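The values are calculated or read from the model by the stated rules, or taken from the named source; none is laboratory data. Quick caveat, the model's predicted, so the values are computed rather than measured. Cβ coordinates were reconstructed from backbone atoms using ideal geometry, including for glycine residues, and neighbour counts include every protein chain displayed. The protein model used for the area step is the full one, side chains on, heavy atoms only, and it has no ligands, DNA or RNA in it. Shrake-Rupley method; radii C 1.70, N 1.55, O 1.52, S 1.80 Å.
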Amino acid sequence: AQITQHDNFAFGLYSAGYYIGVGLTFVGVFMGPGGSFLDNTGELFLYGITGIVFMGMSYAISDLVYLRKIKIMKQLVAGNSAVASFLMGRFIFTGHNVLAAIHGEGSWFICFVYYVLGEAGCWIGFQAYCLVTPYDDVKEVEQGKDAVGIVSAGFLIAVGLLAICALAAMQSTG
């Protein structure tokens, strides 16, 4: 209803980020260690569910850790596109992180460990980023400063790309 009936741009950004993140999860399956198309289809289903669970975890982490001072859903309904941009960045980061985690061979446990390592790296990176910006990033996002939301999203997406490289390097040496 927020997208179609209310033409809520913020919900559109939020949803687009979610779908891109889940799509990146699917890419990780096909970039993985081969197998037949049928094998990949089964893995696509299983890892797709995993990606959806990780997207939910990403939302919860965003709500409880990154934007803990903000009532995210209330801000989205109100049309705060800065919050939506930030979440879009978080979802795309998560998609990159999960792509990297499932790209190599390994168990579900290893996938989860890589996911947690990526999340920890993202949190540390975002905290460092906040230290060098001359403003309170979370406060500016809450106030609907779109430019801050977009720049934060870009930073989070860049961290996601770095997560792919870092986790791929860990997998190749492990």
### Summary
1/(1 + (r/R0)^6) with r = Cβ-Cβ of Gln143 and Ser107, R0 = 45 Å, i.e. FRET efficiency to nearest 0.05, evaluates to 0.55
### Summary
Here D for region 80-174, in µm²/s, from Stokes-Einstein with a Kirkwood Rh over Cα pairs at 4 °C and 1.567 mPa s, works out to 95
## Note on the structure
Among Ala60, Ala128, Ala84, the residue with the largest mean-square fluctuation in a Gaussian network model of the chain built from Cα contacts under 10 Å is Ala128
### Message
Ignoring ligands, DNA and RNA, please state the percent of accessible area on the chain from carbon and sulfur, probe 1.4 Å.
### Response
70
### Task
Grab the beta carbon distance between Val116 and Leu46, set R0 = 30 Å, and tell me the FRET efficiency rounded to 0.05.
0.95
### Viscosity 0.890 mPa s, temperature 25 °C, Stokes-Einstein D of region 1-143 from Kirkwood C-alpha radius, µm²/s
154
### Task
Would you look at the GNM of the chain, springs on alpha carbons closer than 10 Å, and say which of Ser62, Ser152, Ser81 moves the most?
Ser62
## Note on the structure
Mean separation of Cα contacts under 8 Å (at least 6 apart) over the residue count of the chain, i.e. the relative contact order in percent, is 30
### Task
Please build a GNM for the chain, connecting alpha carbons under 10 Å apart, and tell me which residue among Phe155, Phe109, Phe126 fluctuates the most.
Phe109
### Message
Counting heavy atoms of the protein chains only and a 1.4 Å probe, report the per residue accessible area for region 1-121 as a whole number of Å².
### Response
48
### Message
Given the -39500 (n - 2.57) contribution per DSSP H run of 4+ residues, what per-residue ellipticity at 222 nm results for the chain, rounded to the nearest 500 deg cm²/dmol?
### Response
-27000 deg cm²/dmol
